[in-house]
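These notes are about the structure you will find just below.
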Amino acid sequence: MEASEILKQFQDVWENRHDYGRDWKKRKGGKVLGYFCTYAPEEVLYAADILPIRILGGHETPSLVTPHMFDMWCPFSRDCLNQGLQGKYDDYMDGLMETNCCLHPRQAFGAWIVNKPYLWSYWYVMPNAVRSPRSKPFLRGELEEFKKAIEEWTGKTITDEDLDRGIDIMNTNRRLMKQVYELRKQDNPPLTGAEAMTMVWASQLMDKREHNELLKQLLEALPNRKLDRDPGIRLMIIGSENDDRPFMEMVEDVLGGTFVIDDHCTGSRYFWDELTPEKDRLQAIANRYCDRIPCPGKDWGMEDISRKRFPHVLQLAKDYRAQGAILVQQKFCDPHELDIPSLRRYLEGNDIPCYFLEFEVTVPIGPFRIRVEAFLEQIKAEELFG
Amino acid sequence: MAKYKTKGLDCWGKAKELRQRYYQDYKEAHDRGALRWEGGAWSFDCIPQALEGEVHGLTEEPYGASIGANPAMQVRYQEAAEGKWGCANDLCAYLRNYWGSIILNEYAFGGEWPHADFIFQNHICCSHAKWLQVAGEIAGGEIPYFCFDVGVGPYDKIGERQINYVVEQLYDGIEFLEKVTGRKIDDEKLIKRVHNTYDSSCYWAKACEFNQAVPAPLDEKTMFSLYVLGTLEKSSDDVANFYKDLLYPEVKDRVDNQIAAVANEQCRVFGDSQPPWGFLRVYRYLEQYGIVSNANLYTMSLIGWWNINEKGDMVPYPTLEEQGVTLKTREDALRFLVEGELKGKLEWAPFYGATYKNDLTARMVKQWKCDAAIIHLNRGCEGTAQHQMEMKIALQKLGLPVMTFEGNMADQRQFDEARTDRLIDLFVKETLGLKKVA
C-alpha cells in the first residue's frame, strides 16, 4: 500500500472515529473504555481485551454543555463533554475513566457520569509527584486495584501473559511511531506534521494491533515517498492537547512551513518513552508512567524548581532542526499556561524563536494565518539579516 | 422590632490581631534571625514550623486574597503578572496577585517583597506546585523547593496505601528541610503542632456545626474572616487556642442564648466557593431582607475537618482527645496528621467528581436548613468552582431555588457588581418573594 493511502486511513479513523468504534465492537465484541488523558494505563486494558479510546475534540460549537460546565473550563473538555451529552458514544462505549489529570477534564468526566449513569466508571489515582521516589510504589498499588476492578467488570482474570501482551502492543506502537517520527529529521520529510500527528490521534482511537500493522506498512512505504513541496521553515509545535488539523494544514499547505516535531500529549509526549519490562509487570507499568516526559501539571520536583520537560523539548528542537516553535494552548489550560512564559524564555534563550497562539474549540484560521505568516517572515528575516 | 438579639463577636478583635501579627512576623522574621518559608494554606505548616528556632511562613492563597480585597492594588499586581511576566489572565487570581507582588517587589503589608529561605508546598489542584515553582523562578531561581502530593483520592477511599504515600513524602520533606536549613525537626514541637492542627481543624468544624441552629449564630461574611486563621498557621498555639477556647465557646453561647448573626433572619442560603473579596458588601445587602448565608462547603471545610456518620450526617471530625489518642513519636504525629487531612478535609472530595460535590451539598442544605442557594461561579479558582453547574442542577432537583452569578474572587475585572446586585435583587424579591425587613 502507498504511504498516502495508509495516512488517509489514519485520517479516516480520526474523522469517523465513532464509525470505527461501532465497527470494532461488532467485529470483536469487546468492551470499549473512554479516557481523557494519556496517563491511562492502556497496557492493562489491552491485557483485558478492552479497546481504550481517547476522547478527543469534535470541533463543533458545544451547544449542550453550558448548563453543566460554564465557560471558564477549557474548550477541549467542554467539547468532550458536549459530545458525550450529544450521545455520540452511546451505542458503543461501555465505560469512562479519569486519571487524576488536570481539573478541566475532571469536570467533563464528572458531568458525563452524572448524566450517563449507566456507564461503568473508574477514577484512577495517577500520582502528581511523578518525580518523587514514593510515586512508583504508590502507582503500583493503584494499578493492582485498577486491574482488579477491570477483572470484576469483564469477568476475566488478567494473567502475567495477558499483561505481557498488553505491554508488547503498547511498546510496539510506541517504537513504530517513533521510527516514523525519525524520518521527519530529513531535509525534506516524507510526511507533513499534520499527517504525523493524525497518525498519533488514530493510535489513540483505534485498536493498536491494527494500527501497528498499518505502521509497519507505512515504514516500508515512506522511504519511497517524495512530497512535491518545499518544506520551507522547519517548525516545532508545542503545547496542550492539539487535534486541530485545519490549523496545521493551513501552516503547511498555505504558508509553506513544515512541522517537523511536536511536544503534545496528542503527539510525541504520548508515545516517546517505552516501557522497560521487568518481572513485576505492574511495577514496570508504574515506572513507565512516572518516568515518561511529564505533562506540565506533573513537572515539578523535590529539591529545586527545575523542570524535566524543558531540556527534552529543547533537545527535540535541536535534533529535528526546528527553526522556530509555535506554542499553542487551549484557552484556560492551567498546566500549560503556568509553563508557557517560562518555556518561551527558555527556548528563546536557546535561540529558538517562539510564537504563542491560544486555541478554542474552533480555530480562527484567517487571523491565525496572518499571525503565523508574520512569524515565519520574522524567522526568514533573521536568517537573512541576523 | 428585630426578631432576634444580635451582636458582634467578642473574639473579633483577637482574630484581627492574629492575622495582622502573622503578616508582620513574616516581614520581620529575618531581622530576628528567624527562617521564612512560602507554601500553601493546605501545605501542613506543622512540618516546617517544627524546625528548631523561630520560623514564619507565608501561605499563598490568603496572601492573594488579601490583595484581592483591595481592588486598586489587585489590578496593579495582576497587570504586572500578565504584562511583565506574560501569564494568562485566566489563571488563578490569587496566584496572579502573588506573582505580581514579587515582580513589583512590593509586600502587600508594607515594604519590599520578603524573600523566603525555602518553599514547602503541597499539590492537589493544577496550580499549587506550579505556583511556587514559577514564584521561585521570578524571585531569582535559587530557592530550595519541596512539594508533596496529596491528590490521592476522596475521603471515603483513604486507606493505608494512600496514607503511607503521603507520610513517606513527609519524611522526605523533613530530610529536605533539615538539609537546606541546617536545623533539625524538633519532635516535641512537631507533636504539639500536630495536636494544634487537630484542634484548629476540629473546633472550626464544631463552630460551623452550630450554624445549623435557628437563628444562625454566624453569617458567612464573618466566617470568611474566621476560617482564614486556619489557612495561615493552624498549627500554632494562638490559632488553635482561638478556635478552641475563644470562638467555639462564644458561638455555643450565642446558640444557647439565641443570638443571631442576622437579627431578622427569615431565609437561610447556601453558598459555594470563595466570594469576590472586594465586594463583600453583597452580604450586607442580603441582610436587609433577613437573609443569612449560613453554610458553604468551602468555608466550612477548607480547613475544617468532618466525618460522615452512620446516619449519613456531616459531623465534626473527632479531636485527638475524643479519639483517645496521645501522640508520642514522630511517626504517630505524621500518620495522624495525614489521616486527618485526607479523611477530614471534605473540601477535597469534589476534586474526584461531581457526585461527591452533589452528595455533600445535598447533605449540607438539609442539615443546615437552607432555603435557597446563591452560587458564585468563581472564575478565579478552578479548584473550588468544580462541578458548580452540576451542583446547581442537583440542588434544584431537591426543590431549592438557586441563583448563580459569575465573578472572580480576586480579579475585579471579571466581576460586574451592578449586574450581580440586580440579579440578587430579582432573586430575592421575585423568586424568594422576600421584602425588606431592616
Against the globular-protein guess of 2.2 N^0.38 Å, express the Cα radius of gyration of the range A:309-386 as a ratio, rounded to two decimals.
-> 1.16
Per-residue mean of C-beta atoms belonging to partner chains within 10 Å, peptide A:108-121 = 3
Under the Karplus relation 6.51 cos²θ - 1.76 cosθ + 1.60, θ = phi - 60°, what is the ordered set of whole-Hz ³J(HN,Hα) values for the range B:58-67, x standing for Gly and Pro?
-> 10, 8, 6, 5, x, 5, x, 5, 4, 5
Determine which residues of the range B:251-271 fall in the zone a paramagnetic label at B:Lys5 would reach in this model, i.e. backbone nitrogen under 20 Å from the point 7 Å along Cα→Cβ.
-> B:251-266
Dipole of chain A, positive end: most advanced residue of A:Gln179, A:Gly239, A:Ser135 [Cβ charges, Cα centre] | A:Ser135
By the gyration tensor of its Cα atoms, with a ≥ b ≥ c the square roots of the eigenvalues, what is the shape of chain A: rounded for a/c under 1.5, prolate for a/b over b/c, or oblate?
-> rounded
Using the Cβ atoms and a cut-off under 14 Å, what net charge is assigned to the surroundings of B:Gly33, where Lys and Arg are +1 and Asp and Glu are -1?
-> -3
Euclidean distance of C-alpha centroids, the range B:140-196 and the range A:89-164, integer Å | 27 Å
Taking a ≥ b ≥ c as the square roots of the eigenvalues of the Cα gyration tensor of the range A:286-341, is the shape rounded (a/c under 1.5), prolate (a/b larger than b/c) or oblate?
-> oblate
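Structure shown: which of B:Lys189/B:Lys221; A:Lys136/A:Lys308; B:Lys252/B:Lys343; A:Lys136/A:Lys298; B:Lys345/B:Lys392; A:Lys279/B:Lys130 lie over 24 Å apart, alpha-carbon to alpha-carbon?
B:Lys189/B:Lys221; B:Lys252/B:Lys343; A:Lys279/B:Lys130
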Is there a simple number for the mean count of other chain Cβ atoms within 10 Å of the Cβ of residues in B:132-144, and what is it?
-> 3
For A:Arg307, list long-range residues whose amide hydrogen, built 1.01 Å from N in the peptide plane, is under 5 Å from its own amide hydrogen.
-> none
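For the protein assembly as shown, what is the mean residue ellipticity at 222 nm derived from helices alone (per DSSP H run of n ≥ 4: -39500 (n - 2.57); sum divided by total residues; nearest 500 deg cm²/dmol)?
The per-residue figure over the protein assembly as shown is -14500 deg cm²/dmol.
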How much FRET efficiency would the formula 1/(1 + (r/R0)^6) give for B:Thr329 and B:Lys369, where r is the Cβ-Cβ distance and R0 is 41 Å, rounded to 0.05?
-> 0.40
Euclidean distance between Cα centres, the range A:25-63 to the range B:261-329, Å = 40 Å
Neighbour net charge for A:Val328 - beta-carbon separation under 10 angstrom, K R +1, D E -1 = -4
Around A:Val32, which amide H atoms from residues at least 5 apart in sequence, or from another chain, sit under 5 Å from its own amide H, with H modelled in the peptide plane?
-> A:Leu51, A:Asp94, A:Gly95
State the three equivalent ellipsoid semi-axes of the range B:147-217, derived from the C-alpha gyration tensor as the square roots of 5 times its eigenvalues, in descending order and whole Å.
-> 32, 19, 9
Amide proton proximity set for A:Ala325, modelled H, under 5 Å, gap of 5+ | A:Met236, A:Cys354, A:Tyr355
At 4 °C and 1.567 mPa s, grab the translational diffusion coefficient of the range A:77-184 from Stokes-Einstein with a Kirkwood Rh over Cα pairs, rounded to a whole number in µm² per second.
-> 79 µm²/s
Output field shielding_mean for B:354-361 (other chain Cβ, 10 Å radius) holds 3
At 7 Å along the Cα-to-beta-carbon direction for both B:Lys179 and A:Asp71, put a label point, then send me their distance in nm to one decimal.
-> 4.8 nm
Rounded to the nearest 0.05, what FRET efficiency do B:Lys429 and B:Ser225 give with R0 = 35 Å and r taken as the Cβ-Cβ distance? Could you check?
-> 0.75
Among A:343-354, A:35-46, B:218-229, the order from most to least packed when residues are scored by Cβ within 10 Å on average = A:35-46, B:218-229, A:343-354
May I ask you to order A:263-272, B:424-433 by the average number of other C-beta atoms within 10 Å around their residues, highest value first?
-> A:263-272, B:424-433
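Rank-order A:19-26, B:106-113 by packing density, defined as the average count of other C-beta atoms within 10 Å over each peptide's residues, highest first. Before the final figure, lay out the partial values.
Details: A:19-26: 16.1, B:106-113: 14.5.
Taking the mean over residues of other Cβ atoms within 10 Å, the ranking is A:19-26, B:106-113.
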Environment charge of A:Gly256, counting only residues whose C-beta is closer than 10 Å and scoring Lys/Arg +1, Asp/Glu -1 | -3
Note: B:Lys16 to B:His30 extended length (0.36 nm per residue) minus current alpha-carbon separation gives 2.7 nm
Fully extended, how many nm does the chain gain between A:Asp91 and A:Asp351 (0.36 nm per residue separation, minus their Cα-Cα distance)?
-> 88.6 nm
Say R0 is 60 Å: what FRET efficiency, to the nearest 0.05, do A:Gln186 and B:Ala72 get from their beta-carbon distance?
-> 0.55
Could you work out Rg/(2.2 N^0.38 Å) for chain B, with Rg from alpha carbons only?
-> 0.95
Length-normalised contact order for chain A - Cα pairs under 8 Å, 6+ apart - percent | 20 percent
All lysines inside 24 Å of B:Lys184 as judged from Cα atoms, apart from same-chain residues fewer than 8 positions distant | B:Lys27, B:Lys192, B:Lys234, B:Lys328
Which value results when the Cα radius of gyration for the protein assembly as shown is divided by 2.2 N^0.38 Å?
-> 0.96
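Values in this text are rule-based calculations from the coordinates and carry no lab data. These numbers come from a predicted model, not from an experiment. Methodologically, a virtual Cβ is constructed for each residue, glycine included, from the backbone with ideal geometry; neighbour enumeration extends over all protein chains shown.
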